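First the structure, in the form of structure tokens, and then the observations on it.
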Amino acid sequence: MFKKKTSLYCNYLVAFVDILGQKESFIPTKVITRVQTREDMEANREAHRNTILYIRNFRKNFNLYCKHVRSKFSVTRKVPLKKLPAFLKIRKTIIKQSYFSDSFIAYVPLYQSSYHSTSMNGICDILAFFGFWHFVSMSIFHKVLRGGIDLGSGVELDKNEIYGHALFQAYELESKRADYPRILIGEEAIRYLFSLKARTQQFDGQKKEDIDYCQRMAEKCLRWIANDQDGLNILDYLSPAFKEDILMKIPEIGDRFQSLFISAYNFCKTELDKFNGRGNQKLSSRYQKLIAYFLSSAKRNGIAPNIQ
């Protein structure tokens, strides 16, 4: 007999993130012929570096970030011994992930029976990682991301496979509303964070220390979100708050933030010039918007006002 599997319907926060420009990077490897010139082989190696290796780096760094980086810089004071058991429970996190080609899905179930902070930590990590990785992708790997993050109902059909309204919402934000390389935050996710900021109890009997912690973490996350030029909510990864909370606490980034910022900006300018030269107005307009975000962020971070 087959064991019947039960499915838990609950609310999830889901991030759907896509790597843009992969199709163009793959062009040299449409068909691998038996006889290849040295130029063919070098073109294929370059395509491999720009596609497969980057995707592997993306996935690897997500796991490394969740396992090591947050635990390294989030605890800033010693915890009294008698409070340590509760502290360790509050500091636990849960994030699940799945992949499809060059798309990345990360999600957090919001149903917790003892400490809601487990979910809140996962949400904070998702926002922190994708903001950090988008900045690194542009400045170091010369890649751009586009994504959507929202909250809704869902169910796990299988291990690391989310299905339902939450996934559809996140996907629609990425594919239909984001337009240019940015990560949109949906209205339901915003409402949820404000409810935590207002200390709304997430389940009967929720402990005070859990409510306090979720409130602080929600306030932090809301500082990383801003209204973009079109009024939509974005993950503001170049804001002074995100820079201070995340980027400056990663030595490889914080020690050279300004040079990485300029590198990312120059990459965006190069892409704009490329698409202008091809007469591709659709992609040109996207990079114009991304450059506008960098220019406004340069002023906020005190970086070379004459960068343009």
Given (1) closer than 30 Å to residue 120 by Cβ; (2) out of contact with any helix residue (DSSP H, G or I) (no Cβ under 6 Å at 6 or more places or on another chain); (3) at pLDDT 95 or above, residue 260 misses just (2)
For region 131-148 the number of residues that are in contact with a Phe, Trp or Tyr (Cβ under 8 Å, 6 or more places away or on another chain) and closer than 19 Å to residue 225 by Cα is 9
In region 249-268, residues that are assigned to a loop (DSSP other than H, G, I, E, B) and either buried (at least 16 other Cβ atoms within 10 Å of the Cβ) or under 20 Å from the mean Cα position of the chain (by Cα) (or both) total 1
Of the candidates 140, 183, 162, the one satisfying the condition of being surrounded by fewer than 17 Cβ atoms within 10 Å (Cβ to Cβ) and either more than 30 Å from residue 267 (Cβ to Cβ) or not basic (Lys, Arg) (or both) is 140
Filter region 73-119 for residues that are of a type in the set (Lys, Arg) and surrounded by 13 or more Cβ atoms within 10 Å (Cβ to Cβ); the one that is modelled with the highest pLDDT is 96
Taking region 180-206 and keeping only residues that are of a type in the set (D, E, K, R) and touching a helix residue (DSSP H, G or I) at 6+ places or on another chain (Cβ under 8 Å), one is left with 182, 188, 197, 199
Within region 237-248, residues touching a helix residue (DSSP H, G or I) at 6+ places or on another chain (Cβ under 6 Å) and either surrounded by 17 or more Cβ atoms within 10 Å (Cβ to Cβ) or farther than 25 Å from residue 190 by Cβ (or both) come out as 237, 238, 242, 246, 247, 248
Of (1) over 22 Å from residue 128 (Cβ atoms); (2) at pLDDT 95 or above, residue 236 satisfies every one except (1)
Selection from region 199-235 of residues more than 20 Å from residue 106 (Cβ to Cβ), within 17 Å of the chain's Cα centre (by Cα) and part of a helix (DSSP H, G or I) yields 223
Going residue by residue through region 277-295, is there one that turns out to be closer than 23 Å to residue 130 by Cβ, basic (Lys, Arg) and touching a residue at least 60 places away in the same chain (Cβ under 8 Å)?
yes
Exercise. Any residue at all in region 190-198 that is under 16 Å from residue 14 (Cα atoms), over 16 Å from the mean Cα position of the chain (by Cα) and surrounded by fewer than 16 Cβ atoms within 10 Å (Cβ to Cβ)?
Worked result: yes
Please verify whether region 122-138 includes one or more residues that are out of contact with any strand residue (DSSP E or B) (no Cβ under 8 Å at 6 or more places or on another chain), of a type outside the set (Lys, Arg) and either in the same structural domain as residue 263 (by TED's automatic domain parsing) or more than 20 Å from residue 217 (Cβ to Cβ) (or both). yes
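The values are calculated or read from the model by the stated rules, or taken from the named source; none is laboratory data. Predicted model, so just to flag it, every value in this text is computed and none were measured. Heads up, the Cβs are rebuilt from the backbone with ideal geometry, glycines too, and the neighbour counts pull from every protein chain shown.
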